[in-house]
1. Suppose each label sits 7 Å from its Cα in the direction of the beta carbon; what would the residue 327-residue 310 distance come out to in nanometres?
2. Amide H of residue 34 versus every other amide H placed in the peptide plane: which residues, excluding those fewer than 5 positions away on the same chain, fall under 5 Å?
3. Want the number for residue 94 to residue 230: 0.36 nm per residue separation, take away the alpha-carbon distance, what's left?
4. Any idea how far apart residue 169 and residue 148 come out in nm if each label point goes 7 Å out from Cα toward Cβ?
5. Could you sort 211-223, 183-195 so that the peptide with the highest average Cβ count within 10 Å comes first and the rest follow in order?
Amino acid sequence: MINEKAILVGVDGSHASYKATWWAANYAKHAGLTLQIVCAYSLPSYAAVSFDATYTAMGDDNAAHSDAQEILSKAKAIADEQGVEAATLIVTGDPASVFVELSRNYNLIVIGNRGKGGLAERLLGTTSSSLPAYAYCPIVVVPYTDDDGKVMHLNNTITKVAVGIDESKWGLKALELAGNFASAWDASLDVILAVPNIRGLEGEQGVTDSYMEDLGESIKPLQAAHPDLHIDKTIVPDTAVNALTKASYDHDVVVVGSRGRGGFTGLIMGSTSQGLIQHSVGPVYVVPRKFVEAQEARIRKLSEISGVEEISVQAADDSAAETIESAIDPMHQPPSRNTMMQ
């Protein structure tokens with residue numbers, strides 16, 4: 001069955017993945033969830049660079065396994081500092097394939113972005129459709145740096161959420177989940193409808209008013225479900241990727257649906273998806289097509305997925321977590337263990 005009490009985060013030793021761990025632990029703490037941290041690797045059939053940039057011999061599983069344990073130990077220290085219970089998993093096999101299988105068992109998977117190679121590239125690079133388009137649960141992609149290479153700061157609390165919407169079932173599901181997410185954080189929600197080429201049209205104001213009226217109808221179920229949720233409606237005369245990328249600058253999370261082909265909610269396929277994920281300066285919460293269409297698909301237990309091993313590792317000491325966190329976010333201030341997040 002789906003583990004509704006835990007979220008999964010993938011790590012590979014990069015600062016980008018540790019930043020994703022920090023975001024996932026922060027969210028898990030707020031939501032009262034546990035965290036499962038997974039380190040994925042595959043053994044090459046030739047000598048190759050390992051996690052720490054040294055060369056491993058063919059099939060040197062012991063060295064790779066040891067590297068994975070060290071990575072998990074550091075990630076666990078980050079979760080431990082947040083006061084979050086974290087279990088650790090090692091995955092051997094193609095990460096993209098295994099993460100798709102794992103997505104059947106979780107309500108949320110978190111991964112980092114803009115890492116140099118490694119897990120982020122395998123899941124979001126030239127084969128970007130592997131995870132966001134085919135996952136069976138929502139995916140949060142956490143940026144490490146902006147386009148200029150500046151390390152991004154992430155807030156401990158979420159106060160503003162944006163969601164891109166259209167009238168498809170994927171867009172409406174994204175709206176629903178964005179509303180749930182914003183409500184859980186007591187945050188405001190900005191519902192964005194991108195309408196390219198509307199500017200300068202004859203009767204532009206009338207067209208905009210019509211879109212705004214339709215948008216009002218779309219959010220009625222959300223208003224009924226969350227009567228205390230503050231919702232703003234915005235019509236943006238621009239492409240979806242431009243509108244949502246811009247929204248990422250003044251929102252803590254941007255939510256978008258994916259139907260896996262063309263159109264607004266096909267953002268996670270092709271150049272449009274790459275534009276949003278690669279240029280967003282905040283976390284992107286993706287609601288995949290398969291999550292919408294196959295929520296009742298057969299769930300496989302961890303023990304049934306080849307290459308997954310649950311292991312117990314000790315968290316690295318506090319200094320390791322502090323060193324990593326100062327690197328992934330210069331503005332970061334270590335939390336007090338006795339202070340709960342607001």
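Rule-based calculations on the coordinates, nothing more; no lab input. The structure presented is a predicted model; accordingly, all values stated were derived computationally and were not measured. Note that each Cβ is placed from the backbone with ideal geometry, even for glycine, and that neighbours are counted across all protein chains shown.
1. 3.0
2. So residue 34 has HN proximity to 6, 7.
3. 44.7 nm
4. So the two model labels end up 4.5 nm from each other.
5. Answer by packing, highest mean first, reads 183-195, 211-223.
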